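Everything on this sheet refers to the single structure shown next.
The values are calculated or read from the model by the stated rules, or taken from the named source; none is laboratory data. Computed from a predicted structure; not experimentally measured. Here the Cβ positions follow ideal geometry from the backbone for every residue, glycine too, while neighbour counts run over all protein chains shown. For the accessible areas, the whole protein counts, side chains as well, though only heavy atoms, and no ligand, DNA or RNA atoms are used. Shrake-Rupley method; radii C 1.70, N 1.55, O 1.52, S 1.80 Å.
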Amino acid sequence: MYYGDFIWKDKIHVGVHEPIINKVLWKNVQDILDSRENRGKQAKWGTRHFTFKGLLECGECHRTVTGDKKTKSSGKEYVYYRCTKYKSECSQKPVNENAINEQIEQALKDIELPKDTVDYITEALKDSLDIKRDTTDRERKRLEDRKIKLMTRLDRLYEDKLDNNITEDFYNRKFNEYTEQVTDLDSRISNYTQADIDYYRYGSGILELAHKASKLYRMANDEEKRELLGYLLSNCQLIDKKLVIEYRKPFEMIMKRNTSFRTSENSLTKAKNTLSGALPSVERTGRDSNPQLPP
Ligand SMILES: [Zn+2]
């Protein structure tokens with residue numbers, strides 16, 4: 001599968017920004033999919049410890065929420081989470097892990113997309129990618145043609161200088177002017193090359209994950225769960241035994257889409273709009289700021 005060097009619904013700055021899909025994590029997600037789905041393996045629950053360690057923050061005092069184990073008088077062990085209340089006055093009480101787990105499972109169901117919707121949006125992504133590619137290719141060709149014209153002009157200029165048809169001063173001025181334009185074109189052409197990223201596979205990877213997140217979560221071990229949640233959620237606060245969850249960008253949009261669908265039957269059109277609008281836009285640096293070449 002694919003991970004990308006760009007951020008969602010923003011400009012592309014290859015290699016500058018943190019990629020939205022971390023390479024290692026993406027591989028791990030794929031590993032979970034492969035091993036659990038194909039072999040029907042179940043997670044090992046024997047080593048079960050604090051699944052939500054490091055993921056939760058206290059909604060009241062914003063300190064870390066930490067996991068703890070307790071043994072009841074019956075001898076039965078249970079896990080609970082509590083605010084560390086470090087240097088803070090906080091009224092929050094410990095919460096049983098099961099209560100948190102139920103809410104997390106619900107949160108993952110909230111981003112679940114049905115298979116036919118995934119297929120439909122994937123098609124829409126593919127179409128919009130084709131259109132984007134066409135535009136990009138045409139623009140790159142236009143820039144390359146302009147560069148060829150400029151190079152020809154530079155050659156002629158040099159010949160004119162050799163033949164003493166133009167003054168030294170005129171030659172220098174024109175030479176600098178053309179060279180500057182060539183440099184600018186070179187950098188714009190290379191921008192287009194770098195921006196040639198496979199949106200389609202990226203987008204369909206996100207959709208596949210949204211489609212399977214809930215199932216993946218149930219099959220994953222603690223370590224994998226933590227990783228999966230870290231990928232899907234950007235913030236998770238615990239207040240009065242309730243989780244206040246923020247999803248990462250693409251999943252937040254899917255959740256909103258699902259929420260609005262519960263009150264609307266117009267599913268496919270909306271799905272298309274939501275995700276087509278969510279495609280990252282290609283950065284077009286240096287619009288035609290330089291004067292056009294005379295014909
Ligand atoms: Zn607190």
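What to note about this one:
- Residue-level analysis places V118 outside the set of residues that are open to solvent by less than 80 Å² (accessible area, probe 1.4 Å), within 16 Å of the ligand (Cβ to nearest atom) and not acidic (D, E).
- Meets criteria (open to solvent by 90 Å² or more (accessible area, probe 1.4 Å), more than 16 Å from the ligand (Cβ to nearest atom) and either closer than 30 Å to A210 by Cβ or assigned to a strand (DSSP E or B) (or both)) for D130: no
Results for (1) in contact with a helix residue (DSSP H, G or I) (Cβ under 7 Å, 6 or more places away or on another chain); (2) part of a loop (DSSP other than H, G, I, E, B), shown as yes or no for each residue.
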site	(1), (2)
H62	no, yes
T66	no, no
S74	no, yes
V79	yes, no
S88	no, yes
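- Count of region 223-247 residues, restricted to those that are open to solvent by 20 Å² or more (accessible area, probe 1.4 Å) and over 22 Å from E60 (Cα atoms), is 4.
A quick yes/no check of all residues on (1) within 16 Å of the ligand (Cβ to nearest atom); (2) more than 34 Å from the chain's Cα centre (by Cα); (3) open to solvent by 40 Å² or more (accessible area, probe 1.4 Å):
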| site | (1), (2), (3) |
| --- | --- |
| K70 | no, yes, yes |
| E77 | no, yes, yes |
| Y80 | yes, no, no |
| C90 | yes, yes, no |
| A99 | no, no, no |
| I104 | no, no, no |
| I111 | no, no, no |
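- When Y202, Y192 are checked against the criterion of being surrounded by 13 or more Cβ atoms within 10 Å (Cβ to Cβ), touching a helix residue (DSSP H, G or I) at 6+ places or on another chain (Cβ under 7 Å) and either closer than 30 Å to E123 by Cβ or at pLDDT below 90 (or both), Y192 stands alone in meeting it.
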